[in-house]
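This report concerns only the one structure given below.
The values are calculated or read from the model by the stated rules, or taken from the named source; none is laboratory data. Keep in mind it's a predicted model, so treat the numbers as computed, not measured. Positions of Cβ are generated from backbone atoms using ideal geometry, with glycine treated the same way; all protein chains shown enter the neighbour counts.
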Amino acid sequence: MRADTESVLRVLWGDGLEVEAVPETSEAAEASGQGPQAPQPLEEKTGLTPGEMSEQAPERAAEQAPDAADVTGVSDAPDVSDVPDATGVPVVRRRRRGRTTLLIATAAVLGLVAGTCAGFLVQADREPTELPSLSQPVVAQARGAGPEPLSAAQDRQVKTDGDLRKLLLNRPKGTKESDFAPGHDGWLDLADYAHQLSDSDDQFGALVGNEFRRAADTTWQVGDTYDVEIRLVQFRQEEKPAAEEWAGNWKVGGLRGWSLPGTGEGMVYVAAKPETEAGYLPVYRAEAHASRGDIAMEIWIYDSKPIPKKTIMDLARRQMERL
């Protein structure tokens, strides 16, 4: 519409909305050679009253309505696909997964291949290392007769491999063998020796584990109450020093102890109080335990009177000297 005209918005229910005309600009006025004019009332321009304009509004709206065919034929509407994104934010394409991992793995493989090739090239350029000669210098051998073998008195192994009973102290004169001497003819097998110990069943298994070899025993008795028993227990000792362990594992309770000189961990024990039982005489006890090589020594003295420390100490010292 032109700026100097007045328009009326017509609605279906027949009301009219008066719209003030847009005044011409100064440039349009100058072009027409006229100055600005005041707007004329709508009644003066149309020559109709407001009621008449309301009655004629539907008819004019029908006349001014565009043809439906013309509306449907409009092809100037823009395609939806051509409308740019309303947000205006550019779309970022996402990178495919696994691409970075593939690049790292490829680089690692190429690095290994390159390092291997470089190593081969370095080795190929080096001179080969000479191997040592297979021939060895001749070791000088001693000439003449070798040293004489040790005598039985000097060779401890020969001494202990012989008759073990000969290493026991001789029975003193004026004494007799005890009435309850264990073993047979001075020998103790595994069962006989285990039977002399407390908890014989458990001790039997312990002796087997310690590689028990053999044992020799001697006893003597003075009067009716004084008894002495000496045992030499030999072990094979192929895996551990069983003789030393056996001599050191004796549990002696209620006795006073002293170390036995010259025997390492050898000990002698003397009871300060007797063992009493109704109907029997009191019994005092003294013990000695030591080892040398593969032989463990055990000595017991029983008497109805207190046993001096010197008695057991002297007996143990003389027996160890024979070993």
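So G183 ticks every box in (1) loosely packed, with under 10 Cβ neighbours inside 10 Å; (2) at positive phi; (3) among the small types (G, A, S) but one. Which box is left unticked? Only one criterion in (1) loosely packed, with under 10 Cβ neighbours inside 10 Å; (2) at positive phi; (3) among the small types (G, A, S) is unmet by G183, namely (1). In this structure, T219 does not satisfy being among the hydroxyl-bearing types (S, T, Y), part of a loop (DSSP other than H, G, I, E, B) and touching a residue at least 40 places away in the same chain (Cβ under 8 Å).
For M313, the conditions (1) in a helix (DSSP H, G or I); (2) of a type outside the set (S, T, Y); (3) within 17 Å of W220 (Cβ to Cβ) all hold with the exception of (3). Across the stretch 225-244, the number of residues qualifying as within 22 Å of W187 (Cα to Cα), charged (D, E, K, R) and either not in a strand (DSSP E or B) or not assigned by TED's automatic domain parsing to the domain that holds A286 (or both) comes to 2.
For every residue, the table says whether it meets (1) in the same structural domain as A194 (by TED's automatic domain parsing); (2) within 55 Å of the chain's Cα centre (by Cα); (3) not in a loop (DSSP other than H, G, I, E, B).
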{"position": "V122", "(1), (2), (3)": "no, yes, yes"}
{"position": "S133", "(1), (2), (3)": "no, yes, no"}
{"position": "Q136", "(1), (2), (3)": "no, yes, no"}
{"position": "Q141", "(1), (2), (3)": "no, yes, no"}
{"position": "P147", "(1), (2), (3)": "no, no, no"}
{"position": "R171", "(1), (2), (3)": "yes, no, no"}
{"position": "S178", "(1), (2), (3)": "yes, no, no"}
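The residue that is modelled with the highest pLDDT, among those in the stretch 198-223 that are surrounded by fewer than 15 Cβ atoms within 10 Å (Cβ to Cβ) and more than 44 Å from the chain's Cα centre (by Cα), is V222. Against the conditions (1) part of a helix (DSSP H, G or I); (2) within 55 Å of the chain's Cα centre (by Cα), where does S291 fall short? Just the number, please. Going through the list (1) part of a helix (DSSP H, G or I); (2) within 55 Å of the chain's Cα centre (by Cα), S291 breaks only (1).
Among the residues of the stretch 85-93, at least one is of a type in the set (A, V, I, L, M) and modelled with pLDDT under 55. From the list V252, V268, V283, which residue is within 30 Å of E211 (Cα to Cα), free of Cβ contacts under 8 Å to residues at least 60 places away in the same chain and more than 45 Å from the chain's Cα centre (by Cα)? The match here is V268.
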